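First the structure, in the form of structure tokens, and then the observations on it.
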Amino acid sequence: MCHTADHAHEHDAFHHHPHDLSDPVDADTSAALDLSIDDGDLSPTQLSRRGLFRSAGILGGATALGMAGVTPAMAEGRDDDRHGSSGGSVRHWLAGDHHIHTQYSSDAMYRVIDQVQHGAAYGLDWMVITDHGNATHSRIGVELVNPDIRAAREVLPHTLIFQGLEWNIPAAEHGTVFVAPGRHEVAVLKQFETDYDGSVTGTSDSSPANEALALAGITWLGRQVDRRRVDDALFLANHPARRGVDSPHEIRAWRDADPRIAIGFEGAPGHQAGGLPAGVGAGSARGGYGGGPSSNSFPGYPLESYRTWGGFDWMTATVGGLWDSLLAEGKPWSISANSDSHTNWGDTSRRPDGSSSEQFNRDGKYGDPVYSGGVNLTAADYWPGLYSRTHVGASKRDYLAVMRGLRDGRVWVDHGRLVKSVDVTVRVRGDRGSAVPLGSTLRVRRGTRVELVVRITAQDVPNWSQFVPRLNRVDLIRGAVEPGHAEERDTFVAPDTRVVQQWDTSGRTGSYEIVHDLGRAEDAFYVRLRGTDGNRSQPGFLGAAIDPEGPALDVVGNADPWLDLWFYTNPIWVLPTR
């Protein structure tokens with residue numbers, strides 16, 4: 001779809017005010033501000049101070065984008081090529097999964113080709129292999145898995161297969177880190193894991209110094225892109241609320257350290273089969289969210305945050321919650337949904353005899369899986385694509401286009417193939433040429449009337465649990481954009497955000513369109529959508545006045561994921577100007 005130049009995509013609703021750094025500073029501050037000095041050459045005090053400056057927006061990533069939230073495409077003027085084949089236009093919706101483990105993870109078992117073949121068969125266009133960061137993986141695993149990935153690319157040339165890793169974020173949880181394929185993909189991932197992985201470096205506990213190391217890792221990735229060692233690199237936080245160790249200020253600091261690299265978190269974790277009741281499944285917690293706070297957890301999080309809600313992470317599922325508090329700053333932060341596949345429900349294979357932690361640490365991998373003679377009904381995972389999908393709007397079907405689509409926020413996610421497609425735009429009322437897609441900002445003159453256009457194609461084929469899902473309701477969520485949020489680094493509420501409209505879609509088939517008048521744009525705001533099969537709902541965590549029918553809190557031991565399906569979209573911002 002083409003867009004007029006008067007409505008170019010923007011990612012930050014506010015301009016970046018320059019900071020006055022002309023006053024005399026001490027030696028540690030001078031070193032922290034001097035980007036010609038690598039993070040590794042700074043003292044702990046200097047590194048911590050540099051992290052603070054980055055979090056405050058005084059320093060950005062490798063291109064000093066900082067708190068602006070501007071994408072590199074915009075900064076370099078490439079956004080104007082959105083009319084061409086290499087630009088930001090959405091010509092393909094490509095389904096994928098950025099969190100997949102193999103026999104090169106100490107707690108998994110499958111070959112790369114096993115995961116990729118299943119993912120492709122279940123309809124995925126792109127996948128990221130993300131084996132766990134640890135001493136063995138950083139020593140030999142990163143190199144060992146690469147030939148398997150390259151071989152899978154040959155076998156399935158129409159499937160985009162990225163190499164990444166699951167980062168043990170210093171002072172925090174896990175995250176996906178991946179790079180564009182190229183001759184330095186292994187070297188960059190290996191050095192990143194060796195220098196910045198919390199497990200490898202012993203920096204997993206919460207502390208300011210460890211938080212600073214996480215920021216240094218993100219900015220280091222940005223430098224590898226700037227130096228053309230890799231064409232692109234991305235980081236998304238995984239299962240952010242599971243253990244409560246990803247504090248709001250850390251998430252903001254990751255995003256602001258380099259917004260080209262740190263782009264979002266899992267809106268819905270993997271391990272969804274964990275919610276199947278005993279006898280059918282594991283009878284455990286959906287998503288693996290069955291624990292509670294520890295000494296490293298952020299003390300402000302409520303106990304309810306340690307459970308999924310309708311299969312989604314509490315940070316995403318709560319209207320007016322942490323995700324909305326980030327969006328209310330007018331900056332991009334995407335959500336995703338994936339499998340986190342380690343060992344899959346319903347599978348008939350197992351690790352071979354002789355597998356052990358000692359063997360894994362010696363060889364860097366487990367042997368190839370073998371037939372088990374039975375069916376595994378206690379595993380908590382699904383094959384990639386079988387249940388969770390992250391849909392990315394891309395200009396073409398290639399690696400860099402998928403990465404750009406993720407960065408630009410052209411994303412919606414679903415469970416159980418609830419719908420066939422969702423397309424969302426916001427435009428000046430009646431002006432098709434002004435429409436902007438997910439992840440964009442529509443700039444209009446103050447007082448201009450704007451409208452939301454939602455195009456849905458209902459599901460008409462069975463999902464992989466052998467039934468045709470039915471979309472029962474679509475919810476419109478709207479929130480004000482408030483720049484003051486950036487000053488409250490540990491806030492996780494957006495008081496102005498709420499469900500403002502609900503549409504009954506039960507019984508609707510085929511493709512249909514919803515056009516909704518958003519009124520006159522007087523102040524900056526954003527909108528996002530959510531849809532459900534309507535089987536399980538309750539008032540949202542912040543109350544019925546905010547969210548009258550939100551996802552229900554998942555009960556440990558009895559949360560069948562197939563009876564509770566949702567889709568979520570990324571936001572679109574509207575920014576009125578004088």
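Out of 491, 448, 441, 457, report the one residue that is in contact (Cβ under 8 Å) with a residue 24 or more places away in the chain and within 25 Å of residue 415 (Cβ to Cβ). Quick ask: steps written out before the conclusion?
Details: 491 fails: within 25 Å of residue 415 (Cβ to Cβ); 448 fails: within 25 Å of residue 415 (Cβ to Cβ); 441 fails: within 25 Å of residue 415 (Cβ to Cβ).
After applying the criteria, what remains is 457.
Can you tell me which condition residue 463 does not meet? The list is (1) within 30 Å of residue 328 (Cβ to Cβ); (2) assigned to a loop (DSSP other than H, G, I, E, B); (3) in contact with a Gly (Cβ under 7 Å, 6 or more places away or on another chain); (4) not hydroxyl-bearing (Ser, Thr, Tyr), and all the others hold.
(1)
When you go through 471, 476 one by one, which is the residue that is buried (at least 16 other Cβ atoms within 10 Å of the Cβ), part of a strand (DSSP E or B) and of a type in the set (A, V, I, L, M)?
476
Kindly list, by first and then second residue, each pair from a residue in segment 160-178 that is closer than 9 Å to residue 235 by Cβ to a residue that is acidic (Asp, Glu), limited to pairs with Cβ atoms under 7 Å and residues at least 6 apart or on different chains.
What qualifies is 167/197; 176/166.
Here are some residues: 505, 497, 491, 532. Which one is farther than 27 Å from residue 326 by Cα, polar (S, T, N, Q) and surrounded by 13 or more Cβ atoms within 10 Å (Cβ to Cβ)?
505
Among (1) assigned to a helix (DSSP H, G or I); (2) touching a residue at least 12 places away in the same chain (Cβ under 8 Å); (3) surrounded by fewer than 23 Cβ atoms within 10 Å (Cβ to Cβ), which single condition is residue 305 missing?
With (1) assigned to a helix (DSSP H, G or I); (2) touching a residue at least 12 places away in the same chain (Cβ under 8 Å); (3) surrounded by fewer than 23 Cβ atoms within 10 Å (Cβ to Cβ) applied to residue 305, the lone miss is (3).
For segment 308-324, name all the residues that are β-branched (Val, Ile, Thr) and assigned to a loop (DSSP other than H, G, I, E, B).
308, 318, 319
Taking the criterion of being surrounded by fewer than 22 Cβ atoms within 10 Å (Cβ to Cβ), modelled with pLDDT of 95 or more, assigned to a loop (DSSP other than H, G, I, E, B) and assigned by the TED database to the domain that holds residue 261, would at least one residue in segment 89-107 satisfy it?
Yes, segment 89-107 contains at least one residue that is surrounded by fewer than 22 Cβ atoms within 10 Å (Cβ to Cβ), modelled with pLDDT of 95 or more, assigned to a loop (DSSP other than H, G, I, E, B) and assigned by the TED database to the domain that holds residue 261.
With respect to residue 336, determine if the residue is in a strand (DSSP E or B) and touching a residue at least 12 places away in the same chain (Cβ under 8 Å).
yes
This table checks each residue for (1) in contact with a helix residue (DSSP H, G or I) (Cβ under 9 Å, 6 or more places away or on another chain); (2) not in a strand (DSSP E or B).
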{"residue": "384", "(1), (2)": "yes, yes"}
{"residue": "391", "(1), (2)": "no, no"}
{"residue": "396", "(1), (2)": "no, yes"}
{"residue": "400", "(1), (2)": "no, yes"}
{"residue": "412", "(1), (2)": "no, no"}
{"residue": "422", "(1), (2)": "no, no"}
{"residue": "430", "(1), (2)": "no, yes"}
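Just to be sure I understand, how many residues within segment 492-547 are over 18 Å from residue 566 (Cα atoms), in a strand (DSSP E or B) and under 24 Å from the mean Cα position of the chain (by Cα)?
The total comes to 2.
Given the structure, is residue 346 assigned to a loop (DSSP other than H, G, I, E, B) and out of contact with any strand residue (DSSP E or B) (no Cβ under 8 Å at 6 or more places or on another chain)?
yes
Which numbered condition trips up residue 457, out of (1) within 21 Å of the chain's Cα centre (by Cα); (2) of a type outside the set (Lys, Arg); (3) assigned to a strand (DSSP E or B)?
Only one criterion is unmet by residue 457, namely (1).
Any chance segment 231-240 includes a residue that's over 15 Å from the mean Cα position of the chain (by Cα) and either within 21 Å of residue 405 (Cα to Cα) or part of a strand (DSSP E or B) (or both)?
Yes; the residues of segment 231-240 include at least one that is over 15 Å from the mean Cα position of the chain (by Cα) and either within 21 Å of residue 405 (Cα to Cα) or part of a strand (DSSP E or B) (or both).
Let's see how each residue does on (1) touching a Cys at 6+ places or on another chain (Cβ under 6 Å); (2) crowded, with 18+ Cβ neighbours inside 10 Å; (3) of a type outside the set (D, E, K, R):
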position	(1), (2), (3)
211	no, yes, no
219	no, yes, yes
225	no, yes, yes
280	no, no, yes
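The values are calculated or read from the model by the stated rules, or taken from the named source; none is laboratory data. Keep in mind the model is a prediction, meaning the values are calculated, not measured. Quick reminder, even Gly has a Cβ in these numbers, built from the backbone with ideal geometry, and neighbours come from all protein chains shown.
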